[in-house]
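Note sheet for the following structure.
The values are calculated or read from the model by the stated rules, or taken from the named source; none is laboratory data. As the structure is a computational prediction, the values presented were derived from the model and not from experiment. Here the Cβ is made from the backbone with ideal geometry for all residues, glycine too, and neighbour counts use every protein chain on show. SASA here: full protein model, heavy atoms, side chains in, ligands and nucleic acids out. Shrake-Rupley method; radii C 1.70, N 1.55, O 1.52, S 1.80 Å.
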Amino acid sequence: MNAIQQLVIGAALATGASATMTFSDPGLATPLAIPDHDAAGILRTLAVSGLDGTTRYAVDVALNIQGSGYGGYVGDLYAYLAHQTPSGAYAMTVLLNRPGRSDTQLSGYDDTGLTITLSDSAAADIHTYQSQPGYQLAATTGALTGTWQPDRRLTNPDDVVSSDARAAISFDEMVHGMANPDPNGYWYLFVADMQSGATMQLNSWSVSFAELSAVPEPASVLGTMGLLAGGLLLRTRRRKRVA
Ligand SMILES: [Ca+2]
């Protein structure tokens with residue numbers, strides 16, 4: 001293969017379709033009750049393997065929490081995601097920190113549950129979803145739907161309000177902010193119900209890893225085009241010399 005063919009194939013790979021791998025909680029065969037008004041909460045574990053440690057991934061978390069008994073109340077919920085690499089490095093970020101809780105609404109939002117995806121690339125913060133135009137609840141369950149940014153507030157869930165700074169790290173930083181990035185290992189979901197009254201259950205959760213294509217920067221595209229043109233020119237000149 002000559003240099004020109006290598007460049008063309010390299011460009012095709014860089015813009016090709018990317019793969020997504022999803023890992024679901026295998027031990028969660030039936031809904032798991034989240035203890036009411038109990039900061040001890042529940043902790044679930046996913047073993048993740050088979051991902052390329054040198055590839056950059058977009059990480060998304062799917063979360064399905066539904067009201068039980070007399071019904072749910074999403075403003076009671078606190079949840080975080082943690083990751084432990086095979087070498088033992090550890091990172092975490094806050095997914096939910098009492099959605100809707102503010103200085104004027106200390107109980108947070110009263111919707112019955114969540115059937116959502118949390119993603120770094122979402123348009124809006126889950127904490128203030130009722131202020132976002134077009135937010136939707138599922139017709140059958142009343143659960144919030146859609147794709148949202150994780151809450152990322154590190155404030156104590158007993159004190160958190162919407163105006164608190166969102167200082168916690170993104171999913172991408174959870175993996176690539178480490179000295180030896182590796183998405184494999186263990187991923188943990190912690191969920192707690194921080195307020196007495198309404199009760200909820202964890203129906204399912206999963207973590208997806210979508211390969212991010214190495215899209216060339218405009219400058220490097222121009223550089224590649226220049227190299228290709230230069231290479232063709234060189235070959236033409238050489239042929240002329242031989243002839
Ligand atoms: Ca509760």
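Values as computed for the structure displayed
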read-out	value
Whole-percent carbon and sulfur share, accessible surface of the stretch 91-207, 1.4 Å	47
Peptides ranked, highest mean first, by Cβ atoms within 10 Å: ranges 136-144, 62-70, 183-191, 20-28	183-191, 62-70, 136-144, 20-28
Separation between Cα centres of the stretch 152-184 and the stretch 25-51, rounded to whole Å	19
Accessible surface, the stretch 19-212, averaged per residue in Å² (probe 1.4 Å)	44
Net +/- balance of residues flanking Leu202 in space, Cβ distance below 11 Å, scoring K and R +1, D and E -1	-1
Residue-by-residue Karplus 3J(HN,Hα) for the stretch 88-102, coefficients 6.51, -1.76, 1.60, Hz, glycine and proline x	x, 6, 9, 8, 8, 8, 8, 8, 10, 9, 6, x, x, 5, 8
